[in-house]
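**Student:** My questions will all concern the structure given below.
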């Protein structure tokens, strides 16, 4: 009878350990999901910000060209330098005519 009680107690203890382990794994997975969701939101926010910055830069250039109609090479150079100073990921800016031929490029080819 003592052996049976000892085996029964050991089985209950083993079941409790397994249940506790399953619970701990569940809690860990949930915390990882929250952590990954937070990180994904941060990455999305950074990408969105970077894309918006580039879109604003190109729209600024577009607006300046439309206002000035015929922009000179010197004016384009000054504007492009200024725009690229604040957007280090932009490597070059170009302006095309109505026939989509590139007429101004910054920085000029060396």
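**Student:** Just the Cα atoms of region 2-106: what Rg and Dmax do they give in Å?
**Tutor:** Cα radius of gyration and Dmax of region 2-106 are 31.2, 101 Å respectively.
**Student:** Here is a further query. Using a 10 Å cut-off on Cβ atoms, rank the peptides 61-72, 24-35 from the highest mean neighbour count down.
**Tutor:** On the way: 61-72: 11.8, 24-35: 10.0.
Listed from highest to lowest mean packing, they are 61-72, 24-35.
**Student:** Next question, about the same structure. Working from Cα positions, state the angle (0 to 90°, nearest 10) between the long axis of helix 2-68 and the longest principal axis of the chain.
**Tutor:** Roughly 10 degrees between the two axes.
**Student:** At 222 nm, what helix-only mean residue ellipticity would the chain give, in deg cm²/dmol to the nearest 500, using -39500 (n - 2.57) for each DSSP H run of four or more? Intermediate results must be reported in sequence, preceding the final value.
**Tutor:** Numbers: 2 runs with 80 residues, N = 110.
Helix-only estimate at 222 nm: -27000 deg cm²/dmol.
**Student:** With contacts defined as alpha carbon pairs under 8 Å and 6 or more residues apart, what's the relative contact order of region 2-106 in percent? It would help to have the intermediate numbers written out before the result.
**Tutor:** Numbers: 34 pairs, mean separation 15.8, N = 105.
RCO, region 2-106: 15 percent.
**Student:** Measure nothing fancy, just the Cα-based angle from helix 73-85's long axis to the longest principal axis of the chain, in degrees from 0 to 90, nearest 10.
**Tutor:** Its long axis makes an angle of about 20 degrees.
**Student:** In addition: Given the C-alpha centroids of region 60-110 and region 8-25, what is the distance between them in whole angstrom?
**Tutor:** The distance from the Cα centre of region 60-110 to that of region 8-25 comes to 69 Å.
Every number in this text was worked out from the coordinates using simple rules, so none of it is lab data. Keep in mind that what you see is a predicted model, and the values were worked out from it rather than measured. Here Cβ is always computed from backbone atoms with ideal geometry, including for glycine, and neighbour counts include all displayed protein chains.
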